[in-house]
Amino acid sequence: SLQHSSWSNVFEQRKDLDEICQNLVQDMDAYGVCVVDNFLGEEKGKAVLGEVLGMYNTKGVFKDGQLVSRKGSGDLKTIRGDRITWINGTEKYCNNIKQLISQVDAVVVRANKMAMASSGKLGMYNIDSRTKAMVACYPGLGSHYVKHVDNPNRDGRCITAIYYLNLNWNVKKSGGLLRIFPEGWLGDKVADIEPVFDRLLFFWSDRRNPHEVQPAFDTRYAITLWYFDAIERKEARQRYETGRHS
Ligand SMILES: COc1ccc2cc(-c3cnc(C(=O)NCC(=O)O)c(O)c3)ccc2c1
Ligand SMILES: [Mn+2]
């Protein structure tokens, strides 16, 4: 019976995985954006959050992502107010983050294969690698990120995956809304994504999805993975090696 229950658990998970992957393929075709709620469930989600908080409270781990530019008046204007650290999941005290990463990998790889078979847009890519995980914290106090494109110049990144960790987040009180301005959406339609706990967001990394992080007034945590298309990545490396880059 133990064997039976563990198998049912596996099938249960497989069904769940299949549903999420079908949802991802369809949404990326239709909208270029996909939201998966309750991705890990409360217990595992809280375990990931605990590890992120542990890191954030460890001196020297997070660096200022702070990008500034000089305004006409000469004083500095912040472009990006988040604090970040890059991890591959094998670090100490990151086991739950490592499991999150492998769950997201499983979804992306499986959806990529499904889309190849059904000739979905996601199937145009051959996703064979990704960046490390970027753990980001917008420390509140109005920290934000101006409208930008993650991959404007074909650096190889095709999909952005962001996992949000913010328990009981209320955008009206705390701000921090992610607003995506999907290219090709009629009128001034936008995708407003609240950075709520255990939410997993996918969107095309290129110019199809300019987006901004609106000012956050409480600490706002997220873990981001960028997935590479093999060909675009190879071409980007070649350009870089031959020095033909801006
Ligand atoms: C050269 O070194 C680096 C290191 C880290 C970098 C991180 C970002 C980045 C990009 N996008 C977002 C975002 O859109 N977040 C949306 C959300 O949190 O809801 C974000 O938080 C951070 C951009 C450039 C970087 C360059
Ligand atoms: Mn971005």
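The values are calculated or read from the model by the stated rules, or taken from the named source; none is laboratory data. If you're wondering where the values come from, they're calculated on a predicted model, not measured in any experiment. Every residue, glycine as well, gets a Cβ built from its backbone with ideal geometry; the counts of neighbours run over all protein chains shown.
See the values below:
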{"read-out": "Selection status of PHE181, free of Cβ contacts under 8 Å to residues at least 40 places away in the same chain and more than 10 Å from ligand 1 (Cβ to nearest atom)", "value": "yes"}
{"read-out": "Residue check for ARG110: more than 10 Å from ligand 1 (Cβ to nearest atom), under 21 Å from CYS21 (Cβ atoms), touching a strand residue (DSSP E or B) at 6+ places or on another chain (Cβ under 9 Å) and among the charged types (D, E, K, R)", "value": "no"}
{"read-out": "Residue in the stretch 123-132 that is part of a helix (DSSP H, G or I) and closer than 19 Å to LEU24 by Cα present", "value": "yes"}
{"read-out": "Residue selected from the stretch 142-170 under the condition away from ligand 1 (no atom under 12 Å from the Cβ) and among the hydrophobic types (A, V, I, L, M, F, W, C), by the criterion farthest from the chain's Cα centre (by Cα)", "value": "LEU167"}
{"read-out": "First in the stretch 150-172 and at positive phi and modelled with pLDDT of 95 or more, second anywhere and outside any loop (DSSP other than H, G, I, E, B) and within 13 Å of ligand 1 (Cβ to nearest atom), Cβ under 9 Å, 6 or more apart", "value": "GLY156/TRP226; ASN168/VAL196"}
{"read-out": "Among the residues listed as GLN66, GLN3, GLN22, the single one being farther than 25 Å from GLN214 by Cα and at pLDDT below 90", "value": "GLN3"}
{"read-out": "Members of the stretch 117-140 found to be more than 16 Å from ligand 1 (Cβ to nearest atom) and buried (at least 16 other Cβ atoms within 10 Å of the Cβ), listed by number", "value": "GLY120, LEU122, GLY123, TYR125, ILE127"}
{"read-out": "Top-ranked residue in the stretch 171-189 [being surrounded by 14 or more Cβ atoms within 10 Å (Cβ to Cβ) and of a type in the set (A, V, I, L, M); ranked as farthest from the chain's Cα centre (by Cα)]", "value": "VAL171"}
{"read-out": "The stretch 210-234, subset crowded, with 22+ Cβ neighbours inside 10 Å and in contact with a Gly (Cβ under 7 Å, 6 or more places away or on another chain), residue farthest from ALA136 (Cα to Cα)", "value": "ASP229"}
{"read-out": "Output for the stretch 191-246, where each listed residue is farther than 18 Å from VAL149 by Cβ, aromatic (Phe, Trp, Tyr) and within 16 Å of ligand 2 (Cβ to nearest atom)", "value": "TYR221"}
